[in-house]
């Protein structure tokens, strides 16, 4: 779509206000912008830290009869977190609209929760996601979450792996987000356990996860464990970058 490319270029060059005016003119003409066009502009506002402008655009596109999609919500949720408006991000997430609950949106919220060291919040989001894709029922999700709250992280992880029948289809990113989140929370023994179980199950642990884990283990002088993770990264031909 040439119009989208033109707006994308203008946003990248920093011409947000001009782009917004052009969009308003388009909206008043017969050539109404589509959701992809709005998403590009919303992303531009978020990159500039103008989250209020991005939220205003959300209202505008809805008034124009367009439906926000998962890209819209993921962009806004990331933008809200970047400016420290965490409560608004979760409010947007919990509003009733299925697009808000795409895998990308769950992953974003998990990552931001981990960065804030709210590992239990991230874990609860993971359980909600697994319920959404019909891997867990309420009873199983509550059981696993209680294991984690009680400090039985390995038991929780093995139960998830047993029930997560769609992980090959939908990807393993939540597992590595959790591993990194444990590192960010200073819970390196649990992170090492997650690494060991994932390796046992032949689930690839990502290079950033290895870097976080190696760094934390070295700081705690657990050098044998750090060397073990490093050897794993060499076996998988990872190119590790410093944090």
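What follows is calculated from the coordinates using simple rules that are stated; it is not laboratory data. Owing to the predicted nature of the structure, the values given are computational and were not obtained by experimental measurement. With ideal geometry, Cβ positions are generated from the backbone for all residues, glycine too; neighbour counts draw on all protein chains shown.
Take the alpha-carbon centre of segment 111-161, take the same for segment 164-218, and report the distance between them in whole Å.
14
Sort 198-205, 184-191 by packing, meaning the average of other beta carbons within 10 Å per residue, with the highest value first. Show your work: numbers first, answer last.
Numbers: 198-205: 14.6, 184-191: 18.9.
For the peptides 198-205, 184-191, the packing ranking is 184-191, 198-205.
Among 72, 37, which comes first, then next, by fewest other beta-carbon atoms within 10 Å?
Ordered by Cβ neighbours within 10 Å, fewest first: 37, 72.
Could you line up 209, 196, 153 from fewest to most neighbouring Cβ atoms inside 10 Å?
Numbers: 209 24, 196 17, 153 21.
Fewest to most other Cβ atoms nearby, the residues stand as 196, 153, 209.
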